[in-house]
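The values are calculated or read from the model by the stated rules, or taken from the named source; none is laboratory data. This structure is a prediction, so every number in the text was calculated from the model and none was measured. With ideal geometry, Cβ positions are generated from the backbone for all residues, glycine too; neighbour counts draw on all protein chains shown.
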């Protein structure tokens with residue numbers, strides 16, 4: 001007995017799927033859900049600090065903060081300024097569970113990372129999503145950094161270890177805090193899982209936005225103190241000013 005009707009033709013051809021741009025709703029002229037005009041208008045991060053990716057007026061420079069107090073992480077890779085429409089896309093992905101926006105941005109970040117790897121950026125041994133506290137995870141229902149890391153891992157063929165980093169303390173949200181308050185807020189906020197093995201490994205943290213770098217610094221310091229060889233940071237966007245809310 002056959003429950004389905006007989007049909008000999010192809011039901012769905014992925015290569016001929018017509019995408020619509022998620023920004024303007026016009027037909028996309030690429031495999032992505034983003035048309036070329038909208039892609040060109042995104043706030044691409046060009047001239048930036050060679051360490052923390054802070055937007056700078058010229059290329060191949062290091063910002064004063066990184067010169068005076070070098071961070072524990074080695075390098076930040078981010079495609080965009082935290083500006084319109086990327087800030088809106090991140091907010092809708094992060095706070096309203098609009099996952100297609102997150103997936104689109106992850107695909108574009110993958111393209112940047114593929115290019116950087118081809119240009120000589122060392123590939124990490126694995127990806128580590130920045131953890132959420134249990135309370136924040138219950139409220140939001142998902143960890144946006146974990147979803148980004150999973151999508152990046154699939155495209156870049158990198159291992160993702162989502163349970164290596166822990167956030168046992170329910171610290172207040174970083175949004176709205178200045179740089180000093182952010183660093184105070186994150187003291188002893190993170191921990192390594194009991195069976196974590198990081199000695200000698202090159203690790204990459206994954207998050208949505210880097211603002212002051214306090215979270216990345218706290219996690220990178222924790223990993224370096226545990227014996228990690230190098231820690232990089234992959235994120236979607238970098239704020240133009242350290243006090244810009246994420």
Exercise. Exactly one of (1) over 30 Å from residue 221 (Cα atoms); (2) in contact with a helix residue (DSSP H, G or I) (Cβ under 6 Å, 6 or more places away or on another chain); (3) at pLDDT 95 or above is unmet by residue 85. Its number?
Worked result: (2)
Exercise. Which one of 71, 79 is surrounded by 15 or more Cβ atoms within 10 Å (Cβ to Cβ) and within 21 Å of residue 192 (Cα to Cα)?
Worked result: 71
Exercise. Consider residue 60 against the criteria (1) modelled with pLDDT under 95; (2) surrounded by 15 or more Cβ atoms within 10 Å (Cβ to Cβ): it satisfies all of them except one. Which criterion is unmet?
Worked result: (2)
Exercise. Does residue 72 qualify as being under 15 Å from the mean Cα position of the chain (by Cα), modelled with pLDDT of 95 or more and under 19 Å from residue 145 (Cβ atoms)?
Worked result: no
For this session: Could you check the stretch 103-191 for helices (runs of 4 or more DSSP H) lying wholly inside it with 2 or more residues that are at pLDDT below 95?
Result: 134-140, 179-185
Seminar exercise, completed: Among the residues of the stretch 194-212, the number that are under 15 Å from residue 129 (Cα atoms) and at pLDDT below 95 is 1
Problem set entry | Qualifying positions in the stretch 24-41 - under 16 Å from residue 79 (Cβ atoms) and exposed (fewer than 11 other Cβ atoms within 10 Å of the Cβ) | 40
Exercise. Among 193, 237, 226, which is the only one that is in contact with a strand residue (DSSP E or B) (Cβ under 9 Å, 6 or more places away or on another chain), under 20 Å from residue 142 (Cα atoms) and surrounded by fewer than 17 Cβ atoms within 10 Å (Cβ to Cβ)?
Worked result: 193
For this session: Look at the stretch 82-120 and say how many of its residues are loosely packed, with under 15 Cβ neighbours inside 10 Å and in contact (Cβ under 8 Å) with a residue 60 or more places away in the chain.
Result: 1
